[in-house]
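In what follows, a structure is listed as structure tokens, so that the remarks can point back to it.
No value in this document is a laboratory result; all are computed from the given coordinates. Source: prediction; values computed, not measured. Don't worry about glycine lacking a Cβ; one is built from the backbone with ideal geometry, like all the others, and counts go over all protein chains shown.
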Amino acid sequence: MLSIIIVNYKTPQLLADCLKSVFEQSSDISFEVLVVDNASGDHSRELINELFPLIKWIQLDYNAGFARANNAGIRSSSGDTMLLVNSDTIILENALNDCYKVLSDSHYVACGVQLLNRDGTPQISGNYFMTGGLNNLLPLPYLGPLIKKAGNIFKVRKPHIPDANEPVEVDWINGAFLMVKKSAIERAGLMDEDFFLYAEEAEWCYRLRKVGKLVIYGQFKVIHLQGETSNTAFASTSKGYSNLYDKKGLQIMISNFVRIRKQFGIGWYLFQLIIYTINIPVFLIATVFRWLFSNRLKEELVMVKKYAHNVVVVWSYSYEILMNRPYFYKIL
């Protein structure tokens, strides 16, 4: 049986649309649906129970984020396989049915699918680990594009799969749709509850890979309305995970640095944080230089200030991160 776990935080209509697609695309398998609510405090429960009375609702009394909420669902599940799926996803063309059947008959311990934007264009669904997590430097203003160009010159393997149409082995899978065999979870452990949001699936997949191989089944497609759920939590309008400037960007930065410390150690953590810090004067100088050719100095300086503030906050968490003791890195 497949246990489908969906975390909800103030997204009742997205959740309803997701569940509708889940029930429509799961007719040929035995499954259960568990919705874990992060203290939404709205009408989510009433709406969903009315529309989908067969689901199991797990009510948390605080906003526990992604890892803790999914762990609560896993602990309450009965299936031999877990599917962690975002509330802002729409299952297409029997992808859920077929994915579960193919994974069950395979030697893989976990899988994802090809995620699509609303317009049908591909999203990054599968990723590769880079030494020291150096892909964490790519979103940096100015330095990031230079690092990317250097990687292209030296033909460094890209850290992600831009578009898959067939099975492709990967190092980690986007948490918007992550199917994992329970036997693998029993050996690798649950998600790390130090994480509030972001990077937790990468760290988890790092441990799952020690148990077995991971794959993206690119032949199966799922729409992911990227950023809809997290933007609700952070009152942000940014898409993707390259934002470094607002509260959502700060949570992304903190979570990525926690993951680097856990996966690659103290040295890589300090190296990357120093690069982020060096990028502050680089960002400032480049902004002033650009002012000579545009009239956007004030707007750009605001971005520099916001970026610098977030880097300083990361430094303020460095003792807890370096000690690697249990700590809930929740910014919201």
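Can you pull the three principal axis extents for the Cα set of the stretch 1-157, in Å, largest first?
Principal-axis extents of the Cα atoms in the stretch 1-157, largest first: 56, 39, 32 Å.
How much length, in nm to one decimal, is gained on full extension between A286 and I274, taken as 0.36 nm per residue of separation minus their Cα-Cα distance?
2.5 nm
Where in the stretch 63-81 does the label zone of K210 land, with the point 7 angstrom along Cα→C-beta and an amide N cut-off under 15 Å?
none
Just to confirm the number: angle between the C-alpha axis of helix 297-316 and the first principal axis of the chain, 0 to 90 degrees, nearest 10?
70 degrees
Near W268, within a Cβ-to-Cβ distance under 15 Å, what is the net charge of the other residues, with Lys and Arg +1 and Asp and Glu -1?
Details: positive: R259, R261, K262; negative: E203.
Residues near W268 contribute +2 overall.
Given R₀ = 22 Å, FRET efficiency for Q219-S242 by Cβ-Cβ distance, to 0.05?
Working: r = 28 Å, r/R0 = 1.28.
The calculated FRET efficiency here is 0.20.
Pick from A150, A16, A39: which residue has the top mean-square fluctuation in a GNM of the chain where Cα pairs under 10 Å get a spring?
A150
Take the alpha-carbon centre of the stretch 26-95, take the same for the stretch 116-140, and report the distance between them in whole Å.
26 Å
Students often get this wrong, so check it: of K101/K149; K155/K306; K149/K248; K213/K247, which have C-alpha atoms separated by over 31 Å?
Working: K101/K149 41 Å; K155/K306 33 Å; K149/K248 27 Å; K213/K247 35 Å.
Over 31 Å apart, Cα to Cα: K101/K149; K155/K306; K213/K247.
Using a Förster radius of 25 Å, what is the FRET efficiency between K56 and E24 based on their Cβ-Cβ separation? Nearest 0.05, please.
The calculated FRET efficiency here is 0.85.
Net charge near F195: determine it from the other residues with C-beta under 14 Å of the C-beta of F195, scoring Lys and Arg +1 and Asp and Glu -1.
Cβ neighbours under 14 Å give a net charge of -1.
Restricting to DSSP H runs of at least four residues, report the calculated mean residue ellipticity at 222 nm for the chain, -39500 (n - 2.57) per run over all residues, nearest 500 deg cm²/dmol.
Numbers: 12 runs with 146 residues, N = 332.
Computed ellipticity for the chain at 222 nm equals -13500 deg cm²/dmol.
Between A150 and R187, how high is the FRET efficiency from 1/(1 + (r/R0)^6) when r is the Cβ-Cβ distance and R₀ = 41 Å? Nearest 0.05.
Working from the Cβ atoms, E equals 0.60.
Taking the DSSP beta bridges in the chain as the whole, what percent of them are antiparallel, to the nearest 5?
Working: 19 of 43 bridges.
Given both bridge residues lie in the chain, the antiparallel proportion sits at roughly 45 percent.
Can you work out ³J(HN,Hα) from phi for every residue in the stretch 145-155, in order, using Karplus 6.51 cos²θ - 1.76 cosθ + 1.60 and θ = phi - 60°, giving whole Hz and x for Gly and Pro?
In residue order, the calculated couplings are x, 5, 5, 5, 4, 4, x, 5, 4, 8, 6 Hz.
Per 5 Å bin, what percent of the C-alpha pairs of the stretch 100-239 does each bin hold, from zero upward?
2, 9, 17, 19, 21, 18, 10, 4, 1, 0
Highest GNM mean-square fluctuation, the chain, Cα pairs closer than 10 Å: which of L297, L178, L19?
Maximum fluctuation in the GNM of the chain, among the listed residues, is at L297.
HN-Hα J couplings of the stretch 54-69 from phi, Karplus 6.51/-1.76/1.60, θ = phi - 60°, integer Hz, Gly and Pro as x?
7, 6, 9, 9, 10, 9, 9, 9, 7, 6, 8, x, 7, 5, 5, 5
Work out, step by step, the length gained on full extension between E32 and N94: first 0.36 nm times the residue separation, then minus their alpha carbon distance; give nm to one decimal.
20.7 nm
Work out how much length S76 to K305 would gain on full extension: take 0.36 nm times their residue separation and subtract the Cα-Cα distance, in nm to one decimal.
78.0 nm
Using label points projected 7 Å from each Cα along Cα→Cβ, tell me how many nm separate A16 and Y327, to one decimal.
So the two model labels end up 4.2 nm from each other.
If neighbour count is taken as other Cβ atoms inside 10 Å, put E203, E50 in order from fewest to most.
On the way: E203 21, E50 10.
With the sparsest Cβ surroundings first, the list reads E50, E203.
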